[in-house]
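Structure record follows, encoded as structure tokens.
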There are 2 protein chains.
Amino acid sequence: MTSPPVRMTVLARVGQARAGILHTLHGDIPTPTFMPVGTQATVKTLLPEQVADTGAGVVLANAFHCMLRPGAERIAKAGGLHAFMRWPRAVLTDSGGFQIFSLAALRSISEEGVRFRSPIDGSRWFVDPERSMRVQMDLGADIAMAFDECIRLPAHPAEVRRAVDRTTRWAERCLAAHDRADQALFGIVQGGIDPEERRRSAEALVPMDFPGYAVGGLSVGESRADMAATLAVTTPHLPVGKPRYLMGVGTPEDLHLAITHGIDMADCVHPTRMARHGTVWSGDGRLQIKSARYADDADPIEPECDCLTCVRFDRRYVHHLVRAGEWLAHTLLSIHNLRHLQRRVERWRASILDGTFQPAPVP
Amino acid sequence: MTSPPVRMTVLARVGQARAGILHTLHGDIPTPTFMPVGTQATVKTLLPEQVADTGAGVVLANAFHCMLRPGAERIAKAGGLHAFMRWPRAVLTDSGGFQIFSLAALRSISEEGVRFRSPIDGSRWFVDPERSMRVQMDLGADIAMAFDECIRLPAHPAEVRRAVDRTTRWAERCLAAHDRADQALFGIVQGGIDPEERRRSAEALVPMDFPGYAVGGLSVGESRADMAATLAVTTPHLPVGKPRYLMGVGTPEDLHLAITHGIDMADCVHPTRMARHGTVWSGDGRLQIKSARYADDADPIEPECDCLTCVRFDRRYVHHLVRAGEWLAHTLLSIHNLRHLQRRVERWRASILDGTFQPAPVP
């Protein structure tokens with residue numbers, strides 16, 4: 001096809017930090033952007049318009065979960081994830097790799113691919129790069145991700161190296177198997193926290209000319225200093241004109257760090273999961289809204305926030321809902337946390353555009 | 001004050017069935033009307049505007065639950081239930097009696113009132129007619145309910161008679177204690193399934209000139225034939241110009257019966273509870289949306305329904321959400337069930353207005 005389905009325009013830079021636009025067939029998304037996670041083809045407790053109202057332009061769905069239930073072919077028959085979920089904006093699917101590798105005792109890995117048992121019903125599955133591509137093409141997201149090998153940290157240098165090489169070979173198989181013209185396939189850089197391996201991984205993948213690149217294998221338990229150092233030695237090896245996606249990052253502090261190092265996209269379950277545990281961001285801090293101190297508090301969760309929750313409800317009511325175990329609390333707190341994060345990202349973007357961006361403190 | 005805060009206009013009748021308007025300080029509500037239950041000052045899983053969009057003009061909140069948590073004084077301080085919940089339409093509170101009497105081993109009853117222990121934290125409480133009035137005046141609903149004695153059925157005739165007499169004496173105490181001019185206090189007719197006791201209860205309460213009357217003590221396990229027979233001998237003793245409220249009724253079939261016998265208002269947790277168990281009304285029947293038969297079904301839950309769920313989502317997606325244990329399913333199914341019931345009530349109302357109303361079959 002003449003034009004790739006996902007393209008990046010970089011509008012401004014401050015140091016490595018970039019502000020731009022991610023062009024997709026489901027809309028142009030201002031970057032940097034935070035992508036809420038809809039693990040099972042739904043952002044937990046929220047209607048699609050509630051997710052859109054938080055400012056999200058892309059949601060992530062997990063290929064692993066969607067494949068096991070309701071099944072990728074079923075979603076394909078329904079017209080793909082956009083139609084199935086009734087989400088009109090962009091969708092990104094991960095490859096399933098991260099979840100499969102997290103199954104630990106339930107899976108076995110070879111060069112060929114990964115065998116595992118479904119945690120839902122114990123059924124036997126086999127996923128390799130070709131199968132991951134088939135599943136993701138069926139799911140029909142705007143952006144699919146290469147099937148990579150994720151290792152746990154800390155790891156022996158030889159293991160890191162071996163995983164980088166396998167990720168490279170699997171990336172080639174993914175490229176060969178992927179043939180959906182309206183979907184972009186992103187490569188994933190691995191290499192743990194070893195600068196040399198990160199460089200090797202990036203240099204192997206960049207010539208394959210993926211339309212975008214992810215930094216994988218971070219936010220898996222390493223220190224923030226290691227995350228920062230690894231980002232600093234990875235993004236400079238990635239093409240300037242293509243989008244860069246940091247997988248699994250979702251606190252304001254980590255997003256700031258990611259943006260400082262030139263990341264355009266990030267995703268994480270953190271804001272919505274935190275919400276379901278009754279924790280919300282407000283200003284530069286966080287509140288445990290269940291705390292007795294909020295029982296009579298007539299302020300919104302965050303007075304300057306423009307989300308539905310803050311515009312319409314006060315802390316004492318949300319406090320009551322959380323205490324009473326009412327599910328509406330999850331909805332209200334999820335809306336707030338997602339909007340809070342988008343507002344922060346919007347402010348960082350604006351400051352990159354006007355040249356006043358302040359880099360994240362070195363951890 | 002010159003005009004009571006809640007008034008009834010009867011516009012048309014077919015047999016005992018009536019169509020009219022319930023005038024409140026928070027809007028005019030077409031009757032008959034179904035009132036969703038917001039037990040803990042929230043209709044479970046729904047935002048206020050989602051409740052309003054189903055066509056509800058009144059929601060019911062339970063004084064018992066609100067009193068225990070977050071506390072009636074706290075809600076008063078927040079400006080009452082309307083302000084606390086951000087619900088702009090009418091609110092009705094029950095007296096707490098039904099829940100307290102349901103505590104069984106946890107409560108002891110005397111002429112004075114009822115002592116019980118909180119099921120939340122074991123704390124000791126005492127509620128009598130005066131305390132129920134104080135609590136409901138604090139909650140600030142448009143309609144408060146008298147504190148009555150609810151007995152279980154079947155019951156010995158002497159026990160029914162004793163409860164009717166106590167309910168009458170307590171009604172007088174409620175009237176004496178109630179002094180909130182912007183709130184209407186409704187009386188509650190008791191008497192089990194004994195026509196003579198129902199007549200006695202009604203004839204004792206009607207001279208007290210409550211602005212509205214409820215039929216209590218039904219839908220507590222008696223047969224539908226007994227419910228129908230009891231309604232038939234009760235509503236004729238109630239003033240024609242005042243609203244009549246059947247407590248705790250919420251299937252389409254029982255609502256039809258209630259309307260046939262001249263009921264204007266009813267409430268029940270049934271539609272929303274049923275939704276949380278994955279059961280939805282469609283046409284004249286009900287669907288278990290979790291059933292495998294809906295896994296690939298591209299129809300809405302009820303093709304002719306105009307609710308958000310039916311307009312926007314199909315059965316296969318809702319099926320997936322239920323199977324996957326996603327909370328959004330509760331929201332979507334609650335919206336549908338409430339709207340389904342309102343649509344039925346709206347059709348009964350229209351048929352009373354145009355004279356074509358068909359009475360419910362005699363059970």
>> Can you go through A:324, A:360 and tell me which one is within 25 Å of residue B:71 (Cβ to Cβ) and either touching a residue at least 60 places away in the same chain (Cβ under 8 Å) or within 12 Å of another protein chain (Cβ to nearest Cβ) (or both)?
In response: A:324
> Within region B:65-88, which residues are surrounded by 18 or more Cβ atoms within 10 Å (Cβ to Cβ), under 19 Å from the mean Cα position of the chain (by Cα) and of a type outside the set (Phe, Trp, Tyr)?
Replying inline: B:65, B:66, B:67, B:81, B:82, B:85
> Any residue at all in region A:35-47 that is within 22 Å of residue A:4 (Cα to Cα) and either modelled with pLDDT of 95 or more or touching a Ser or Thr at 6+ places or on another chain (Cβ under 7 Å) (or both)?
Replying inline: yes
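How many of the residues making up region A:298-328 are within 15 Å of residue A:56 (Cβ to Cβ) and either among the charged types (D, E, K, R) or surrounded by fewer than 23 Cβ atoms within 10 Å (Cβ to Cβ) (or both)?
Just the residues of region A:298-328 that are within 15 Å of residue A:56 (Cβ to Cβ), to begin with: A:306-308.
So of that shortlist, the ones also either among the charged types (D, E, K, R) or surrounded by fewer than 23 Cβ atoms within 10 Å (Cβ to Cβ) (or both) come out as A:306, A:308.
Within region A:298-328, residues that are within 15 Å of residue A:56 (Cβ to Cβ) and either among the charged types (D, E, K, R) or surrounded by fewer than 23 Cβ atoms within 10 Å (Cβ to Cβ) (or both) number 2.
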> Take the residues of region B:206-231 that are over 19 Å from the mean Cα position of the chain (by Cα) and surrounded by 16 or more Cβ atoms within 10 Å (Cβ to Cβ): which is farthest from residue B:152 (Cα to Cα)?
Replying inline: B:206
>> Looking at region A:273-280, can you tell me whether even one residue there is under 30 Å from residue A:211 (Cα atoms), outside any strand (DSSP E or B) and within 14 Å of chain B (Cβ to nearest Cβ)?
In response: no
>> For the list (1) on the phi > 0 side of the Ramachandran plot; (2) crowded, with 21+ Cβ neighbours inside 10 Å, I need the number of the one condition that residue B:122 fails.
In response: (2)
> How many of the residues in region A:27-42 are within 14 Å of chain B (Cβ to nearest Cβ) and within 24 Å of residue A:347 (Cα to Cα)?
Replying inline: 2
> Hey, any hits in region A:329-344 for a residue that's facing another protein chain (nearest Cβ under 9 Å), within 19 Å of residue B:87 (Cβ to Cβ) and surrounded by fewer than 24 Cβ atoms within 10 Å (Cβ to Cβ)?
Replying inline: no
> Which ones in region B:260-272 are within 14 Å of the chain's Cα centre (by Cα) and not small (Gly, Ala, Ser)?
Replying inline: B:263, B:264, B:265, B:267, B:268, B:269, B:270, B:271, B:272
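Residues to consider are B:253, B:203; find the one that is over 30 Å from residue B:89 (Cβ atoms) and either more than 20 Å from the chain's Cα centre (by Cα) or not in a strand (DSSP E or B) (or both).
Working: B:253 fails: over 30 Å from residue B:89 (Cβ atoms).
Selected residue: B:203, the only one of B:253, B:203 that is over 30 Å from residue B:89 (Cβ atoms) and either more than 20 Å from the chain's Cα centre (by Cα) or not in a strand (DSSP E or B) (or both).
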>> If I filter region B:54-64 for residues that are within 23 Å of residue A:314 (Cα to Cα), within 11 Å of chain A (Cβ to nearest Cβ) and buried (at least 19 other Cβ atoms within 10 Å of the Cβ), do I get at least one hit?
In response: no
> Got a sec? Which helices (runs of 4 or more DSSP H) wholly within region A:48-141 have at least 2 residues that are at pLDDT below 95?
Replying inline: A:97-101
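The values are calculated or read from the model by the stated rules, or taken from the named source; none is laboratory data. Note that the structure is a prediction, hence the values are computed from the model and not measured. Here the Cβ is made from the backbone with ideal geometry for all residues, glycine too, and neighbour counts use every protein chain on show.
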